[in-house]
Amino acid sequence: MSIILDENPETEKVKFNKKRFMENSQETNVKKIEAFMEKWFKHFDELDENSFFLQYLSEDVKMKFPGNDLFTGHEGFSNWFTESKNNLVANTTHHVSDIKITETAKNQFDIAFDVRYVAEMKDQKIDMDVREDWKLSWDDVKNQPVISEYIVS
């Protein structure tokens with residue numbers, strides 16, 4: 001942390017406090033996003049209803065999963081997730097690690113992380129490592145995230 005020195009002690013205090021507030025705000029945002037991610041994957045693993053996920057996806061969300069073409073919007077997600085659930089034998093497991101959250105603008109975040117995905121499909125067992133890249137904004141009015149891009153590779 002750097003402190004900007006000024007002849008006026010009150011100005012110095014204000015600049016220092018503003019920087020501290022910004023750092024605390026970023027820490028709070030990171031904690032909120034990490035808590036959201038934990039909830040998101042818990043619901044994914046339990047194969048929750050599509051509506052749970054749609055509330056957190058922008059209307060024009062761009063999504064890409066291994067073995068699928070890029071698709072957009074709520075209808076694209078619902079079609080993909082319904083088909084996925086129909087092919088699963090049981091709940092899934094997402095082991096999330098190495099999370100990197102970068103605030104690119106106020107309440108705008110790039111999130112990158114690794115996932116070990118384990119699932120049993122009707123015709124195969126899956127145990128694979130993937131990389132996920134999200135673009136997410138934090139809606140202060142609803143106090144919840146909105147994912148605009150969700151790419152799994």
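The values are calculated or read from the model by the stated rules, or taken from the named source; none is laboratory data. Because the structure is a prediction, the values reported are computed rather than measured. Neighbour counts run over all protein chains shown; Cβ positions are idealised from the backbone, glycine included.
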Residue satisfying all of: in segment 1-52; of a type in the set (A, V, I, L, M) and touching a Phe, Trp or Tyr at 6+ places or on another chain (Cβ under 7 Å); modelled with the highest pLDDT among these: Ile33
Qualifying residue in segment 67-87 (condition: at pLDDT 95 or above, buried (at least 16 other Cβ atoms within 10 Å of the Cβ) and within 13 Å of the chain's Cα centre (by Cα)): no
Residue list for segment 39-64, filter: acidic (Asp, Glu), touching a strand residue (DSSP E or B) at 6+ places or on another chain (Cβ under 8 Å) and surrounded by 12 or more Cβ atoms within 10 Å (Cβ to Cβ): Asp45
Residue match in segment 108-117 (condition: more than 14 Å from Glu34 (Cα to Cα) and in contact with a Leu (Cβ under 9 Å, 6 or more places away or on another chain)): yes
Count of residues meeting criterion [at pLDDT 95 or above, of a type in the set (Asp, Glu) and within 20 Å of Gly67 (Cβ to Cβ)] in segment 88-123: 2
Residue ID - nearest to Pro145 (Cα to Cα), chosen from residues in segment 101-130 that are under 12 Å from the mean Cα position of the chain (by Cα) and surrounded by fewer than 14 Cβ atoms within 10 Å (Cβ to Cβ): Gln108
Residue match in segment 65-88 (condition: of a type in the set (Gly, Ala, Ser) and over 18 Å from Ser148 (Cα atoms)): yes
Strands (runs of 3 or more DSSP E) lying entirely in segment 93-141 (those with 2 or more residues that are more than 21 Å from His43 (Cα to Cα), touching a residue at least 12 places away in the same chain (Cβ under 8 Å) and in contact with a Phe, Trp or Tyr (Cβ under 9 Å, 6 or more places away or on another chain)): 93-105, 108-120
Filtered residue count, segment 26-79, keeping only those that are within 21 Å of Phe109 (Cβ to Cβ) and among the acidic types (Asp, Glu): 5
